[in-house]
Amino acid sequence: MLNELKYPIIQAPMAGGVSTVKLALAVSHNGGLGFLAAGYKTPEVIEQEILECDAAALPFGVNLFVPQNDTMNEALYLYQHRLEEDFQKKLTIQEPHDDFWAEKLELVMKYKVPYVSFTFGCPSKEIIERLKRIGSHVIVTVTNLSEAKIAVNNGADAICLQGMEAGGHRATFQNADEASYVSLLNLIYTIRKEIRIPTIAAGGMMNGKDIHLALCAGADAVQLGTAFLCTDESGANPIYKQALQSDQFSETALTRAFTGRLARGLKNDFMSTYESSAPAIYPAVHTLTQPIRAKALKDQNPHAMSLWASTRFKEIKQGTVKDVFEQLTKELILCQS
């Protein structure tokens, strides 16, 4: 299923505006596979993006969030109260929402999107079979062997293995603390002992040597997100890009403070202050903190923004996707020679 790619490099679908049509098409144009991120977007917006990618006659993919609405409890209201006091701002707890799951599924089927990937769970056998019947390749993001087995059993064409180094949300099927956090290479070794379908490695890869090591470990392709964050085509806002390249932040950390789901980002004041009190309730916490994050962006304050990034963010390069992609492939070819 990945043989049609000139290079086994996939651009990670990054929700929140980072994964633009320009970014996806630039990656595909240079021989990789670009992805759109449907998460948090309305069906109308993602449909327009699909149409733009479709018109380019290049391979592309769309990522969907599998619906998950954690039960609201007292911890959520206590968190709301604390944030309202600290930020002197009225915050709203919204009713559970499935992120237009059915509508987005219908869209990827209607337009026969070449690659469809899923995060936060695995769709049913019936959904996967419907997608495969229309010619879509189905990828399920997993973080451990048990999740990988579920994806295989449900008929996925490939799995995307997310190592602990990855930036952004942990793709776990359940919103719970993990027993352990496994490095990408160790995860590949573990999965490859029992899983035979194509595997895509994701997490902390920033150069051609990283890609080469993942492929040698048994991955069929790699998925990079942070490496493309500061490209010209990326939709990351200027404050985000500046934070990634400044000396203001020295490390990343996993946090639930912004969304109620574990995610890796630049360790800032908001994370340090609220991590211990943030409940594991997604997506309620995500919508609760949205006004805080929006104001922080307006005020150019990176310490109250969710700045998702991998552990290797210090190695980010600027330039066009073509610049970054050519460097990656040049290094990869050198390692393979």
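Please treat every number below as a calculation from the coordinates, not as lab data. Keep in mind the model is a prediction, meaning the values are calculated, not measured. Reconstructed Cβ throughout: ideal geometry from the backbone, glycine too, with neighbour counts over all protein chains shown.
Please report how far the C-alpha centroid of the range 118-163 lies from that of the range 196-252, rounded to the nearest whole angstrom.
22
Over all directions, the average projected area of the alpha-carbon convex hull for the range 1-79 comes to how many nm²?
The Cα convex hull of the range 1-79, projected and averaged over all directions, gives 6.9 nm².
Evaluate the relative contact order of the range 255-305 (contact order divided by residue number), counting alpha-carbon pairs under 8 angstrom at least 6 apart; express in whole percent.
39
Top mean-square fluctuation among Leu23, Leu78, Leu224, Gaussian network model of the chain, C-alpha springs under 10 Å?
Top of the fluctuation ranking is Leu78.
Percent relative contact order of the chain, based on C-alpha pairs within less than 8 angstrom and at least six residues apart?
19
What are the trypsin sites (Lys or Arg not before Pro) within the range 107-213 that DSSP puts in a loop, where the Cβ has at most 10 other Cβ atoms within 10 Å?
Lys193, Arg196
Just to be sure I understand: if I project the alpha-carbon convex hull of the range 61-159 onto a plane and average over all orientations, what area do I get in nm²?
8.2
Here are some values of Cα Rg over 2.2 N^0.38 Å: (i) 0.94; (ii) 1.10; (iii) 1.50. Which one was computed from this structure?
Given (i) 0.94; (ii) 1.10; (iii) 1.50, the structure-derived one carries the label (i).
DSSP beta bridges in the chain, what fraction antiparallel, as a percent rounded to 5?
Expressed as a percentage, antiparallel bridges in the chain total about 20.
Amide H neighbours of Phe60 under 5 Å, counting only residues 5+ apart in sequence or on other chains, H built in-plane at 1.01 Å?
Tyr115
In whole percent, what relative contact order does the range 37-103 give with Cα contacts below 8 Å and a gap of six or more residues?
Normalised by residue count, the contact order of the range 37-103 is 45 percent.
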